[in-house]
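The values are calculated or read from the model by the stated rules, or taken from the named source; none is laboratory data. Treat the numbers as computed from the prediction; the structure is a model and nothing was measured. Backbone-built Cβ (ideal geometry, glycine too); neighbour counts: all protein chains shown. We work out accessible area using only protein heavy atoms, side chains counted, and drop any ligands, DNA or RNA first. Shrake-Rupley method; radii C 1.70, N 1.55, O 1.52, S 1.80 Å.
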Amino acid sequence: MSTWSRPVMLLLCGLMLMTVSIAVLNTLVPLWLTHDQLPTWQVGMASSSYYTGNLLGTLLAGWLINRYGFNRCFYLASVLFAFATMSMVLLEGFYSWTLLRFTAGVGCALIWVVVESALLCSGTVRNRGQLLAAYMIIYYLGTVAGQLLVSRVSTELLHVIPWVTALIVCAVLPVVFVRVNAGAATEEASTTRIWSMLRRRSSRLGINGCIISGIVLGSLYGLMPLYLSHQGMSDANVGYWMALLVSAGIVGQWPVGRLADRFGRLMVLRVQVFVVILGAIAMLGDTAMAPALFVLGLAGFTLYPVAMSWACETVAHHELVAMNQALLFSYTVGSLVGPGMTSMLMQNYSDRLLFVMIAAVALVYLVMLLRKADQQATPVAHA
């Protein structure tokens, strides 16, 4: 693929529609469970089940891509996601929804690995950074669009599920009209295992960064709507605040990437993590929530691409699919642990523990980064 070829554009169009659906459900499912008077720990466990599904989907993705190709894997993932979404109308209760969110998580993880791997494998050193930047921007734009839809349309379950399911089906259509082919990269990648990527010392801080990013973003996605709802906000206002959070991530992508190119990944990661801590502490106060949330989103949502690009610099082209799996696996582990553990603390103590938890894990990662000697050359951008 060239940088802006027809396959790239259509693949990103499909991702955009899929991301809108994911964002709507990630915001509304915790609110629907809260409105049903479920305790906070069950809301957190339902969020964690989605990320558990992400974990399984990430582990299966490499084998499925190698066996069936990018297109068929995208179709399979979309069917799983659409089925799990539509079934929420038919099934009720905590356990049923937990299982459905797990199934949706498997489908979403497959979609992410398919799109990321197709772009990574089809790109070159010169254009891979542009492709991944476009991927992150499209992903966050879709997320913001989803949050704005939540604030503008009816949030009743029976009103939302039909059009969200239709949107998932529409997301498949762009991919139907193009064959996504990464050449021989996936054949070589079949001999590279995800576990060997996780054990690489040179990639360890990048992988740890993805874990921390998962904890931070998983907690924000899964429990921020709950926190805002407990503050007495309507569903529409929750959507606006979540849109502000993610919009900050979009604004930060380009400048943070440029700074990482100029000053090195390590220096930028140190500043990012420090800003995450400041943003979380600021959210503990009762004033200036808008700037505090913006700062938290600006730093938190740019952690993953910088950590990802650092880790990808250490591998050969044919290892990119396996490294992509390893990074998404690491991110998913963090996303799984974050909401589950944080929801327990919120249930037993206070909703403010959401931001204490974010600040604490960010501080742990900052200590790791400060202990690392800055011996990097200014890296080539891959994200």
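See the values below:
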{"quantity": "Matching entry among L320, L278, L298, L293 (being surrounded by fewer than 19 Cβ atoms within 10 Å (Cβ to Cβ) and assigned by the TED database to the domain that holds R201)", "calculated": "L278"}
{"quantity": "Enumeration of residues in the range 42-62 that are farther than 30 Å from V321 by Cβ and open to solvent by 10 Å² or more (accessible area, probe 1.4 Å)", "calculated": "Q42, M45"}
{"quantity": "Which numbered condition V29 misses (of (1) without any contact (Cβ under 8 Å) to a residue 24 or more places away in the chain; (2) in a helix (DSSP H, G or I))", "calculated": "(1)"}
{"quantity": "Lone unmet requirement of (1) open to solvent by less than 50 Å² (accessible area, probe 1.4 Å); (2) closer than 25 Å to F177 by Cβ for R6", "calculated": "(1)"}
{"quantity": "In the range 331-347, residue nearest to L303 (Cα to Cα) [restricted to those that are small (G, A, S) and modelled with pLDDT under 85]", "calculated": "S335"}
{"quantity": "Checking R258 against (1) basic (K, R); (2) surrounded by 18 or more Cβ atoms within 10 Å (Cβ to Cβ); (3) free of Cβ contacts under 8 Å to residues at least 12 places away in the same chain, the condition it does not meet", "calculated": "(2)"}
{"quantity": "Condition broken by V333, with the remaining ones in (1) open to solvent by 40 Å² or more (accessible area, probe 1.4 Å); (2) of a type outside the set (K, R); (3) outside any helix (DSSP H, G or I) satisfied", "calculated": "(3)"}
{"quantity": "Checking G53 against (1) modelled with pLDDT of 85 or more; (2) on the phi > 0 side of the Ramachandran plot; (3) of a type outside the set (D, E, K, R), the condition it does not meet", "calculated": "(2)"}
{"quantity": "Which numbered condition L12 misses (of (1) open to solvent by less than 50 Å² (accessible area, probe 1.4 Å); (2) closer than 21 Å to F177 by Cα; (3) modelled with pLDDT under 85)", "calculated": "(3)"}
{"quantity": "Filtered residues of the range 83-127 (kept if buried (at least 21 other Cβ atoms within 10 Å of the Cβ), modelled with pLDDT under 85 and touching a helix residue (DSSP H, G or I) at 6+ places or on another chain (Cβ under 6 Å))", "calculated": "E116, S117, A118, L119, L120, C121, G123"}
{"quantity": "Selection count, the range 18-41, where residues are surrounded by fewer than 19 Cβ atoms within 10 Å (Cβ to Cβ) and touching a helix residue (DSSP H, G or I) at 6+ places or on another chain (Cβ under 8 Å)", "calculated": "4"}
